[in-house]
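Trainee: To start, I am sharing the structure in question, which I have written as structure tokens.
The values are calculated or read from the model by the stated rules, or taken from the named source; none is laboratory data. Bear in mind that the values here come from a model prediction, so they are computed numbers and not experimental data. All Cβ positions, even for glycine, are placed from backbone atoms using ideal geometry, and neighbour counts span all protein chains on display.
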Amino acid sequence: MPDIQSILEGLLSEAVASAFGSEFADADPILRQATSPRFGDYQANLAMGLAKRLGQKPRDIADAIKEKLTLGDAITDAEVAGPGFINLTLNPDLLATQLGSMFRSDRLGVAKSDPPAKVVVDYASPNLAKEMHIGHLRSTIIGDAIARVLEFQGQDVIRHNHIGDWGTQFGLLLEHLIETGWADSTDSSISDLNVLYQQAKVRDDNDPAFAERARKRVVDLQSGEPQARKIWEMLIVESIRHMNQVFSSLGVQLTDDHLKPESFYNDRLSGVVEAIEGAGMIRDLKGAKVVYVDGFFNKEGEPLPMAIQKSDGGFGYPATDLAAVHYRVADLKADRVVYVVDSRQKDHFRQFFKVAEDVGWLKDGAELVHVGFGTIMGADRKPFKTREGGTVKLADVLDEAVDRAGKVIAEKAPELPSEERDAIARVVGVGAVKYFDLSNDRIKDYVFDWDRMLALEGNTAPYLQNAYVRIRSIFRKGEVEPSSLSGREIKLEQAAERALALQLLQLPRIIQSVADSLEPHRLCTYLYELASSFHKFYEKCPVLAADSDARRDSRLALCDLVARTLKQGLGLLGIDTVERM
RNA sequence: GCCCACGUAGCUCAGUUGGAUAGAGCAGCGGACUUCUAAUCCGCAGGUCACAGGUUCGAAUCCUGUCGUGGGUACCA
């Protein structure tokens with residue numbers, strides 16, 4: 001069934017063609033949702049744009065279109081207002097029919113994209129040998145949300161966790177571990193590694209000789225030297241174990257199946273260099289093989305080199321990134337590769353995207369997209385740190401969120417058994433952290449604020465989860481199974497019901513807009529407005545105590561649609577719901 | 001220096017890709033609970049959309065410049 005937008009656009013095109021000739025049939029009707037109920041439900045803004053082309057006044061054009069507009073099944077009223085807006089009021093029966101079809105759809109009316117595109121989503125991608133910290137949060141959950149939305153749309157999504165298991169940090173760590181004799185011990189934990197890495201980092205910054213030896217270790221590792229290899233494997237196992245623990249408490253859909261570590265591309269690196277050399281793009285700079293990309297300059301104003309192969313023979317991240325592009329586009333045949341990585345790396349992405357294009361790897365029109373995001377700030381507007389000024393561990397953030405959520409639940413719902421309260425605290429606490437992050441425009445920095453994210457008012461996860469809970473409570477109390485409502489007629493009588501209906505029917509458009517823009521916060525805003533519309537409806541319209549069975553069933557169906565939309569929407573953000581809270 | 005983002009109410013943020021009188025939440029003031037869960041709802045107040053030009057029927061949104069904040073500026077990622 002065509003959606004409302006398409007139906008209206010069709011009617012408007014017919015009217016324009018009938019008023020001014022068929023050559024105008026493809027004019028964009030510029031259909032928008034009305035900004036206020038007093039302007040009807042939708043407005044068409046094409047009359048102003050046609051004024052020049054037709055040499056007539058916008059209002060006269062709008063009047064002419066309005067005259068030819070078919071009223072009845074879809075539109076019950078059309079009025080011209082302002083400079084030439086055509087305000088449209090929808091037939092409630094059309095809304096009801098649309099809702100009926102949404103109710104019967106297990107996808108809530110969201111069409112599957114056909115044919116599906118193959119999309120690689122590269123996200124989380126932490127550097128190993130360090131504990132996961134707050135800086136890993138955004139890539140992990142924004143990427144997860146994007147992957148879920150694209151998958152729901154029916155795209156062929158391939159998740160890649162491009163973990164840093166191969167770079168310079170391992171040189172530092174290896175050199176330090178071998179020198180201190182740690183390499184001969186058997187027991188290790190990620191916290192130990194964290195400390196050892198910090199020690200190594202300090203030495204690297206202050207001791208050029210150490211730095212030199214550490215760089216040599218990277219070359220050893222990449223060329224398969226046995227001792228380096230053996231220690232490295234121990235480090236990797238421990239790091240991945242820790243990473244998976246964090247993913248699990250975060251509720252992220254990444255498993256070992258999605259690991260595509262930097263080391264995976266090792267035996268492709270020399271081929272990458274050869275291909276770029278073959279394209280005549282490699283230059284020599286002090287022994288390093290570099291590429292120059294137009295438009296990038298260093299502090300001295302000279303063209304900025306990007307090192308594909310370092311002067312010591314080792315490969316840096318540009319080589320790995322280029323090998324990954326080639327693998328994803330040429331081997332996996334991806335149509336789109338999405339990189340969910342901090343905005344600060346924007347220049348790096350622009351550079352190697354351009355190189356990949358110039359080498360000719362994007363022949364089939366494959367699209368590379370850097371989905372950048374801002375920094376999480378503390379209350380002082382500086383990057384979020386612990387009170388002592390240290391790195392905030394991701395596991396600690398989640399623990400505290402659950403802890404804080406638990407306290408609120410103990411206060412608000414003391415009647416629930418403590419075991420259930422613990423489970424709810426986990427869903428609410430983790431959901432609050434994730435939603436708070438996702439609900440901000442990803443390109444901007446945001447200030448981390450416990451009170452705000454766990455607040456029950458405003459655009460927060462608990463507010464949405466509570467709307468869901470209230471609906472489930474209605475069904476429990478009324479002892480109604482949602483499936484039993486199938487086929488019942490939905491009647492939209494109250495303004496609050498009509499507003500809710502219009503809101504529900506926007507879901508497909510919102511999903512599309514998130515998929516196009518790769519901005520999950522658009523879904524958050526939508527869900528918040530939906531929950532808000534529901535709460536207004538809830539105050540105004542008794543459901544179980546409605547004054548007729550037909551009205552009760554109609555409202556129950558509306559409630560169920562809201563619940564399913566909230567659950568689905570939150571699910572696409574990687575956030576769970578509970579039955580009570 | 002050069003390049004890239006961002007600047008909306010006291011605070012934290014939206015703003016449907018250029019549409020009507022710029023919207024929420026918090027904080028402030030005033031209301032609504034023997035409840036389908038008040039973890040909610042209703043009302044009041046709060047704005048030179050950083051500033052100045054430009055594009056056009058129409059700009060918070062696009063362009064140019066200025067100011068401010070943050071980031072990037074090879075062989076860390």
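Trainee: Within the stretch A:464-521, work out how many residues are touching a residue at least 12 places away in the same chain (Cβ under 8 Å), of a type in the set (Ser, Thr, Tyr) and surrounded by fewer than 20 Cβ atoms within 10 Å (Cβ to Cβ).
Mentor: Number satisfying all stated conditions: 2.
Trainee: A follow-up question, please. What residue, of A:His176, A:His160, is under 34 Å from the mean Cα position of the chain (by Cα), within 15 Å of RNA strand B (Cβ to nearest atom) and not charged (D, E, K, R)?
Mentor: Going through A:His176, A:His160 in turn, just one is under 34 Å from the mean Cα position of the chain (by Cα), within 15 Å of RNA strand B (Cβ to nearest atom) and not charged (D, E, K, R): A:His160.
Trainee: Quick check on this structure: which one of A:Ala495, A:Ala461, A:Ala425 is closer than 23 Å to A:Lys393 by Cα and over 22 Å from the mean Cα position of the chain (by Cα)?
Mentor: Residue meeting the stated conditions: A:Ala425.
Trainee: Mind telling me which of the residues A:Val272, A:Val355, A:Val338, A:Val290 ends up being touching a helix residue (DSSP H, G or I) at 6+ places or on another chain (Cβ under 7 Å), at pLDDT 95 or above, farther than 25 Å from A:Ile240 by Cβ and within 16 Å of RNA strand B (Cβ to nearest atom)? Write out each step before concluding.
Mentor: Details: A:Val272 fails: at pLDDT 95 or above; A:Val338 fails: farther than 25 Å from A:Ile240 by Cβ; A:Val290 fails: touching a helix residue (DSSP H, G or I) at 6+ places or on another chain (Cβ under 7 Å).
Just a single option satisfies the conditions, and that option is A:Val355.
Trainee: Collect the residues in the stretch A:400-423 that are free of Cβ contacts under 8 Å to residues at least 40 places away in the same chain, within 11 Å of RNA strand B (Cβ to nearest atom), surrounded by fewer than 16 Cβ atoms within 10 Å (Cβ to Cβ) and of a type outside the set (Asp, Glu), keeping them in residue-number order.
Mentor: A:Lys407, A:Ala410, A:Pro414
Trainee: Would you call A:Leu544 surrounded by 23 or more Cβ atoms within 10 Å (Cβ to Cβ) and within 12 Å of RNA strand B (Cβ to nearest atom)?
Mentor: no
Trainee: For the structure I just gave you, tell me whether A:Ala44 is over 39 Å from the mean Cα position of the chain (by Cα) and crowded, with 17+ Cβ neighbours inside 10 Å.
Mentor: On the way: over 39 Å from the mean Cα position of the chain (by Cα): no; crowded, with 17+ Cβ neighbours inside 10 Å: yes.
Answer is no for this residue.
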